[in-house]
Amino acid sequence: MTAAPTTTSPPALPRATVTGARTAVFVVFALAGLVFASWASRIADTKSLLGLTLGELGLVLLAMSAGSVSGLPLAGRVSERIGAARTVLVGGGVSLTGLLLVAVVVDTTGPRPLLAAGLYLLGFGVGLWDVAMNLEGAAVEHALGTSVMPHFHAAFSGGTVLSALIGAGMSKAEVPLLAHFAAAAAITAGLGLWALRSFLPRAVEEAEHADAAPGPVERGRSAWLEPRTLLIGVVVFAAAATEGTANDWLSVAFVDGHELEEWQGVLGFATFLTFMTVGRLLGTRLLDTHGRVPVLRVSFALAVAGAALVIFGSDWMAFVGAAVWGVGAALGFPVGMSASADDPQRAAARMSVVATIGYVAFIAGPPLLGFLGDRVGVLHSLLVVGALAILALSVVPSVREPDARPRTAASA
């Protein structure tokens, strides 16, 4: 992509409005992390309480992945029709409903199909929520005239860290999932409703995405047929799989592979999330100094090194590996989302495509690693991370930034 097509410029906004929207996006990203890690921190407990094998757990996790990929292709168009704030609201409501249903099923040792239904709702809501908050983040990024997307994803990681630490305590104290998840849902609903009031005005969103409003078409061409968009999707696919492998399996790997207790497995997961958050906070400066391509090359290499330490190292080295893996997994997803939104007028269409490709990793990853784990052990199944890193390194140049970033009066 070169220069953006000529369109109606979005109205200039007061600096306070844009910075208020930036704060609101931080909060919404953090809450998304809180909801996700509430579930992720209790995966090992769910496996134990329901007596699932690794393969069965992989199939259960597949339900959430399928829900996410069902919601993602719709998210761009829904956001264009009702706005990012309302889309986040709808996605949040659906995901919290699914989270509470999961808790009831696990606590009552209910039927597994009902557990899958709850995870599907959780995933569907998260899919809508994810694209909408990234679209709002991209709009704020363009309004500010500076790169802030990694900071938004750092807020997501921060929410997951706090939630994972809480989850570790809940797991150690054997608190029922319903009590844990109900508290998380109440906090999310309260803070989310407060934050959504400060999203950018609807008129700005409409002006930003005016040319894309009818759907993912530009000059008669679908965003699914754009080579650069698809290559960015491959980078995000590899990054999502590298991050998602740790999200879904790291705590299980510490418990089943290193024979640690469940709460120690959750601490290993929290270590990964903590260092991923640090990587995202510090990564913006590195991206501005060195550019997207060289930074992502180093990032994927670190992810491979960290995974190797988890797989082949001793117990304490596995915790070091989780930290290195977290740093390596920090930037791939947010950089890919920013790259898909380099042209604001095509952001909704392209981001929906890139996010959908990326989330395919969450469909393929859980069952693949579960089936591999049944045959070679959960630790050795994590070797998949290395293959994905090689795939990502081959297409990283596709995320190269344009020559100049559009600026508005708000950045003055």
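Here, each number is a calculation from the coordinates, and none is a lab measurement. As the structure is a computational prediction, the values presented were derived from the model and not from experiment. Note: ideal-geometry Cβ built from the backbone for every residue, glycine included; neighbour counts use all protein chains shown.
Out of ASN247, GLY370, THR23, whose Cα points farthest toward the positive end of the dipole of the chain (charges: +1 Lys, Arg; -1 Asp, Glu; placed on Cβ)? Looking along the dipole axis, the top candidate is THR23. Across the stretch 56-71, rounded Karplus estimates of 3J(HN,Hα) from the backbone phi angles (6.51 cos²θ - 1.76 cosθ + 1.60, θ = phi - 60°) give 5, 4, x, 5, 5, 5, 4, 4, 5, 4, 4, x, 4, 5, 5, x Hz, Gly and Pro being marked x. Among GLU261, GLU226, GLU141, GLU243, the order by Cβ neighbours within 10 angstrom, fewest to most, reads GLU261, GLU226, GLU141, GLU243.
Give me the Debye-computed log₁₀ of I(q)/I(0) at q = 0.06, 0.14 Å⁻¹ for the chain, equal point scatterers on Cα only, no solvent, two decimals. The Cα Debye sum returns log10 ratios of -0.21, -1.21. Each of THR160, THR146 was scored by other Cβ atoms within 10 Å of its Cβ. Arranged with the fewest first, they read THR146, THR160.
Here the 3J(HN,Hα) profile of the stretch 392-400, calculated from phi with Karplus coefficients 6.51, -1.76 and 1.60 at θ = phi - 60°, is 5, 4, 6, 10, 4, x, 5, 8, 3 Hz, Gly and Pro shown as x.
Placing dummy labels 7 Å off each Cα toward the beta-carbon, the span from THR97 to ALA179 is 2.8 nm. Could you list the residues of the stretch 309-348 with an amide nitrogen less than 15 Å from a label point located 7 Å from the Cα of HIS380 in the Cα-to-C-beta direction? Residues 311-313 fall inside that zone.
Shape summary: the stretch 261-361 maps onto an equivalent ellipsoid whose semi-axes, from the alpha-carbon gyration tensor, are 29, 16, 11 Å in decreasing order.
Residues in the stretch 333-346 carry Karplus couplings, in order, of 5, x, 5, x, 5, 4, 4, 5, 10, 4, 9, x, 5, 10 Hz; the curve used is 6.51 cos²θ - 1.76 cosθ + 1.60 with θ = phi - 60°, and Gly or Pro positions show x. When the helices of the chain are scored as -39500 (n - 2.57) per DSSP H run of n ≥ 4 and the total is divided over every residue, the value at 222 nm lands at -26500 deg cm²/dmol. Approximating the spin labels as points 7 Å out from Cα along Cα→Cβ, the LYS172-to-SER70 distance works out to 3.8 nm.
Count charges around ALA195 for me, please; just the other residues with Cβ under 14 Å from its Cβ, Lys/Arg as +1, Asp/Glu as -1.
Charge balance in the 14 Å sphere: +2.
Ordered by the count of other Cβ atoms within 10 Å of each Cβ, fewest first, GLU262, GLU136 give GLU262, GLU136. Seen against the Cα atoms of the chain and their longest principal axis, helix 149-172 is set at about 20 degrees.
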